[in-house]
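Derivation of every value follows stated rules applied to the coordinates shown; laboratory data play no part. None of these values were measured; they are calculated from a predicted model. Note that we place each Cβ from the backbone using ideal geometry, even for glycine, and neighbour counts take in every protein chain shown.
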Amino acid sequence: MIFINIEVKNININYEKKGEGKTVLILPGWGTTIDVYRNMMNSISEYANVIAFDMPGYGKSEAPEDAWDSDAWVDFIVELIESQGIKELDLIGHSNGGRIIIKMMSRANLSFKVGKIILIGSAGIVHKKPLKIRLKVKKYKLGKKILNLKFVKKLFPNALEKFQKNAGSEDYRNSPPALKQSMVKLLNDDMRDLLPNIKVPTLLLWGENDTATPIEDAELMEKSIPDAGLVRVTGCSHYVFLEKPAYINNIIKTFLTGGK
């Protein structure tokens, strides 16, 4: 295992690489670190050179100062790949990592060649929010507006901070300020129209009980990506690769090596 710290987009990024052969880059889900993908990484290192990194703002990677949109996240990945002189690689994206891959594959004239793609519980499909959620959002915006009033802030100086800490998902609450704004931008960026732009063999790995990115998203991706295949895993959720690691690792190996 080689431990490396490099500067990408003016922030320090912690990453590790292991193994020899063709490069496989793992793009992490939101708020995750290398440790989440350790088992997968160890398996892939037996037949390839695998790279994994701490998501910016987590683990040993610095957080960006600005709120990155999807294009800025792609810029980050492109710069990371180019900084290592990689000319050809396979990509694995979990959750938000998959979203970035979808966006990146719509870019023309990348300086490197992508051979195969694996999307695991990939994000990227925006759904109309249920009425309950829409009302919750309206309530949050109204509460934020009221707590931002000068006289309210004077009377209750810590109220806004406490209100914001208790709002949103766990991922949102645990994110640094710039990443919270980035998450909002990403969650509203629907990429379904970009799916046909993925022209390389793509494997979709999905837990049938995934509530973060439902199995219907996988079915849509399978129909929209020209050369895609879906593996549904029963009894598993958004972290299918942690719930059935040996099974998933075998599928990944078969796909990436062609069964050799």
Protection proxy ranking, peptides 103-115, 71-83, 39-51, average beta carbon neighbours within 10 Å, highest first: 39-51, 71-83, 103-115
Count the net charge of all other residues whose Cβ sits under 14 Å from the Cβ of PHE53, scoring Lys and Arg as +1 and Asp and Glu as -1. -1
Which residues in the range 1-35 have a backbone N closer than 13 Å to a point placed 7 Å from the Cα of SER111 along the Cα-to-Cβ line? 9
Which FRET efficiency, nearest 0.05, do ASN10 and VAL184 yield, Cβ-Cβ r, R0 22 Å? 0.50
How big is the dipole moment of the range 24-88 about its Cα centre under a simple scheme where the beta carbon of each Lys and Arg is +1, that of each Asp and Glu is -1, and everything else is neutral? Debye, nearest 20, please. 400 debye
Using a Cα-Cα cut-off of under 15 Å, which aspartates and glutamates could be cross-linked to LYS17, ignoring same-chain neighbours fewer than 8 residues away? ASP35, GLU46, ASP54, ASP90
Going toward the positive end of the dipole of the range 195-255, with +1 on Lys and Arg Cβ and -1 on Asp and Glu Cβ, which of PHE255, THR202, VAL231 do you reach last? PHE255
When each of LYS22/LYS116; LYS113/LYS199; LYS60/LYS113; LYS22/LYS113 is checked by Cα-Cα distance, pairs over 18 Å: LYS60/LYS113
By Cβ neighbour count within 10 Å, fewest first, HIS238, HIS127, HIS94 rank HIS127, HIS238, HIS94
Between ASN209 and SER83, what length in nm is gained on full extension when 0.36 nm per residue of separation is reduced by their alpha carbon distance? 41.6 nm
Hey, with R₀ at 51 Å, roughly what FRET efficiency would LYS128 and ASP75 work out to, going by the Cβ-Cβ distance, to 0.05? 0.95
Could you please report the charge total around ASP35, scoring K, R as +1 and D, E as -1 over all other residues with beta-carbon less than 13 angstrom from its beta-carbon? 0
Label VAL200 and ASP66 with points 7 Å out from Cα along Cα→Cβ: what is the distance between them in nm? 2.7 nm
Based on other C-beta atoms within 10 Å, arrange SER224, SER70 from fewest to most. SER224, SER70
Quick one: which of 194-206, 23-35 comes out on top by average Cβ neighbours within 10 Å, and what's the full order, highest first? 23-35, 194-206
